[in-house]
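Everything below concerns the one structure shown next.
The values are calculated or read from the model by the stated rules, or taken from the named source; none is laboratory data. Owing to the predicted nature of the structure, the values given are computational and were not obtained by experimental measurement. Here the Cβ positions follow ideal geometry from the backbone for every residue, glycine too, while neighbour counts run over all protein chains shown. Just so you know, the surface numbers come from the protein's heavy atoms only, side chains and all, with ligands and any DNA or RNA stripped out. Shrake-Rupley method; radii C 1.70, N 1.55, O 1.52, S 1.80 Å.
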Amino acid sequence: MSEFLGMVGKSFSNMSLWSVLDILVVSYIFYKGYMLIKETRAEQLLKGIVLIITLIPISYVLKLDMLYFILNKTLTIGVLTVIIIFQPEIRRALEHLGRTAFDDKHYPNNKEDLNTTINEIAIAVQNLAESRTGALIVIEQSTGLKELIGAGTLLDANVTANLLENIFVVNTPLHDGATIIRNNRILASGCVLPLTDNNRINKKLGTRHRAAIGLSEVSDALIIIVSEETGVISLAINGRITRGYDKEKLKNIVLKIIENRNEKKVKTAGERVKSWIKVKAEH
């Protein structure tokens, strides 16, 4: 024990500032990785992998040769298997990293235009909810949705409550899909969204809600859902869904989210410009 404590003390005494920084960066990466897979099926798979890694040295010390052989071989061939199984989570993690690193793709909207657009959306959603007309409205943010837009019917029209309500009238060609809005314009309707594979979602939620959650898992879009069964208004963002909105509550929360993101983008862009100017000045 004294030798072990001596080794630990020696290791700490040899640590430099860069070593501490290295540990902090790695810890942060592991933390963010865990938060991305938390409450998904990948979390259970990760627990299984940790269990196998823990059992390998135990089986070696206890001389359980057969168990050690099986676990060691399982871990050796399991890397490719894990990549295949974790493919949706890996893709989501990389997309999240891309959004974080390059989050200034779209510049902030004019505040007056943004208020007008969100107000028109809120009015339409309230009217659709009162008539119990199902609807799925996507507000694009930094993550581009070009592949989804291309598969729908292109409109490129101003955002108005009347147009949105007409799009989702039952038995019309575009009602059974998502309408995507970018920079205060309705770009396309009748778009098909990816369904979530999260089996922890409330079984009472239908296809519209699962599609909204699915898109929010792989993008930073804001997705508004109106249930045709209950008329309940929901909002999906970052893989989670909240329900029970009215017109004012929906308008306020959507505006707050977008404005907070825009302020963050402006701050980040400003810091990058200052850094670039500083580098130029030094040279």
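Data overview
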read-out	value
Odd one out for T242, checked against (1) under 16 Å from T143 (Cα atoms); (2) without any contact (Cβ under 8 Å) to a residue 24 or more places away in the chain	(1)
A129 open to solvent by less than 50 Å² (accessible area, probe 1.4 Å) and touching a helix residue (DSSP H, G or I) at 6+ places or on another chain (Cβ under 8 Å)	no
Among the candidates I201, I180, residue that is within 18 Å of the chain's Cα centre (by Cα), modelled with pLDDT under 90 and open to solvent by less than 30 Å² (accessible area, probe 1.4 Å)	I201
Pair list, Cβ under 8 Å, 6 or more apart: region 23-35 residue not assigned by the TED database to the domain that holds N238, other residue among the aliphatic types (A, V, I, L, M)	G33/A93; Y34/L46
Residues satisfying the stated conditions in region 1-47, i.e. modelled with pLDDT of 75 or more and either in contact with a Ser or Thr (Cβ under 8 Å, 6 or more places away or on another chain) or open to solvent by less than 100 Å² (accessible area, probe 1.4 Å) (or both)	S19, V20, L21, D22, I23, V25, V26, S27
Sole residue being among the small types (G, A, S) and either at pLDDT below 85 or surrounded by 23 or more Cβ atoms within 10 Å (Cβ to Cβ) (or both), chosen from S227, S219	S219
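For every residue, the table says whether it meets (1) modelled with pLDDT under 85; (2) within 20 Å of L222 (Cα to Cα).
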| site | (1), (2) |
| --- | --- |
| V61 | no, no |
| Y68 | yes, no |
| L97 | yes, yes |
| F102 | yes, yes |
| K105 | yes, yes |
